[in-house]
Structures are given as C-alpha cells and as structure tokens.
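Asks: Have a look at this one.
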Amino acid sequence: MKSIIKIQSFLIVCWLIILSSCAKKSLEGSYYFNWGIRFTDIYQKYEFSENGTFTTEGGGDLGPESYGYGTYLLSKDSLILQYSKEKDPIKSKVFIESIPESKQTDSVTFHFEFYELETEMPITGTVAQYFEDKSKNKGIIAGTDGVCSIRLIKGNKTQTYTIFSLVGHESFELDLVNDSSKIIRIGLAENIGKQVFDKTTRFGVKKISNKVIQFSGGDQLIRYTPRVQN
C-alpha cells in the first residue's frame, strides 16, 4: 500500500513539473532586438507588461519608422506577438472648407495651408499623388509659409493624396473630391512611425534567462534599463 502511495505521489510531482514547464510565462520590462550583427543606424525596442501586453517602436538615425502594440504569449519554445487588429486614427488635424464660386467655371483650386500642430507655426509640407504608372506621379511642395495650391479640372471624382513633411512629421492619405474649390488646413503631428497592425509574429525560442531571450534563428531580445530623461 505504501509503495502505491509513493508511486502516486511521484506521478503527481511529475505532473506538476510538466504543467509548470508548459504553463504560460510572462515578461516584464524593456528589451531591444539584437540581430546578431551590429547595426548603428537602426533599432527595434519592446516594452512588455506582466499582464500580457506589449508595445514596440522601430527606427533609425532619422527617427521613428514603425510602432505597434498588442498582446503576447510566451512559452518555453515560442514567443507570439499578436498586434492590434485596429488601425489608429491619424494624429494630425485636417480642416476642409469649400469656397463658394462667384461664376461658373470648369476648374477648381485646392489651397493647402500647412502648420505644425504643436506650435501652430507654418511649416513646409508636400502633397503628392502616386499611380501604378510611376511616370504619372506628381506632387507640390509648400514653401516656408506653408502654402501651396493645385488647380484641377472640375468634376465629381475622388482622388487620394499623400500628405507628408520632410522634417519629422506624420504622413497620411487624404481623399478629396474635385467638385469645388477648397481650403485645406493641415496641422501636422509629430511622426511616430508607421503602425504595424492586424499581424501575428512568431519567434522560436531557444533559451530564456532573466536578461536575454535567445531565438532559434540566432537573434536575441536583450533586456535593458531605459535612460531617464530630465
């Protein structure tokens, strides 16, 4: 009888060990991605919370290029990142005002006024159109006063314009209908990169320690302490 109890106790302990090794693990803290090759001009940072959520930011010498957030699942052999399915709204502000026409005309004018959202000062901005036939691509750049205009044939067609700045501000697409002349005031927000969303990324895990997660492909996530900005 005692031998049976010992065997049962041993089996229970083994079962608990198996459950513990297969149980969901959690991360907490700041990590940066190490590709195994030293890149001085690009980075990818992750912030993991114990509640199973994460945020990430990637970029280079010119500033942020991408960001994302979502939930993660860490086990002994994999790290799965499930990015948010929803795309964030743009942070820039756009105000569109139609201009009444004093006489019949077969053309319209889009008058753009760019300013920095935080300071409300005029800034240089670019309005571009891209086509499958790249020879048809076109764009116009606002001067230091933040103003530029496009003249079009009047109609009822929706056209997509890409709005961006070369000085670290958000870029986005804007749909406009050429049915009337318009004043388009655009307050550009600071660039935080292109959002990664509705995507699942899986890493095969080779080894997990307090400071490093080693992936089966040779890459690593290395824990670090962010600098405190004064």
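Asks: Of the numbered conditions (1) modelled with pLDDT under 95; (2) on the phi < 0 side of the Ramachandran plot, Gly168 fails exactly one; give the number of that condition.
Replies: Condition not satisfied by Gly168: (2).
Asks: Which ones in region 85-101 are within 19 Å of Ile163 (Cα to Cα) and assigned to a loop (DSSP other than H, G, I, E, B)?
Replies: Within region 85-101, Lys87, Asp88, Pro89, Ile90, Lys91, Ser92 qualify.
Asks: Is it fair to say Lys76 is at pLDDT below 90 and assigned by TED's automatic domain parsing to the domain that holds Phe197?
Replies: It is true that Lys76 is at pLDDT below 90 and assigned by TED's automatic domain parsing to the domain that holds Phe197.
Asks: So which of Thr162, Thr144, Thr158 ends up being outside the structural domain of Asp61 (by TED's automatic domain parsing), within 29 Å of Tyr43 (Cα to Cα), of a type in the set (S, T, N, Q) and modelled with pLDDT of 90 or more?
Replies: Checking each option against the conditions leaves just Thr162.
Asks: Residue check: is Val127 within 29 Å of Ser66 (Cα to Cα), touching a strand residue (DSSP E or B) at 6+ places or on another chain (Cβ under 6 Å) and surrounded by 14 or more Cβ atoms within 10 Å (Cβ to Cβ)?
Replies: The answer is yes for Val127.
Asks: Answer yes or no as to whether Val228 is modelled with pLDDT under 90 and hydrophobic (A, V, I, L, M, F, W, C).
Replies: So Val228 passes the test.
Each row is one residue, and each column tells you yes or no for (1) surrounded by 14 or more Cβ atoms within 10 Å (Cβ to Cβ); (2) aliphatic (A, V, I, L, M); (3) over 20 Å from Asn191 (Cα atoms); (4) touching a helix residue (DSSP H, G or I) at 6+ places or on another chain (Cβ under 7 Å).
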| residue | (1), (2), (3), (4) |
| --- | --- |
| Ile96 | no, yes, yes, no |
| Tyr115 | yes, no, no, no |
| Ile141 | no, yes, no, no |
| Ile153 | no, yes, yes, no |
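Asks: Kindly indicate whether any position in region 64-75 is surrounded by 15 or more Cβ atoms within 10 Å (Cβ to Cβ), touching a Gly at 6+ places or on another chain (Cβ under 6 Å) and assigned to a loop (DSSP other than H, G, I, E, B).
Replies: No, there is no match, as no residue in region 64-75 is surrounded by 15 or more Cβ atoms within 10 Å (Cβ to Cβ), touching a Gly at 6+ places or on another chain (Cβ under 6 Å) and assigned to a loop (DSSP other than H, G, I, E, B).
Asks: If the Cβ limit is 6 Å and pairs must be 6+ apart or interchain, which residue in region 118-133 that is assigned by TED's automatic domain parsing to the domain that holds Thr144 and in contact (Cβ under 8 Å) with a residue 12 or more places away in the chain pairs with which residue that is of a type outside the set (D, E, K, R) and part of a loop (DSSP other than H, G, I, E, B)?
Replies: Pro122/Gly146; Ile123/Gly146; Thr124/Ala142; Gly125/Ala142; Gly125/Ser165; Tyr130/Asn137
Asks: May I ask you to verify whether Val205 is of a type in the set (Val, Ile, Thr) and either surrounded by fewer than 15 Cβ atoms within 10 Å (Cβ to Cβ) or without any contact (Cβ under 8 Å) to a residue 60 or more places away in the chain (or both)?
Replies: no
The values are calculated or read from the model by the stated rules, or taken from the named source; none is laboratory data. Values in this document were obtained by computation on a predicted structure and should not be read as measured data. In this analysis, Cβ positions are derived from the backbone assuming ideal geometry, glycine residues included, and neighbour counts consider all displayed protein chains.
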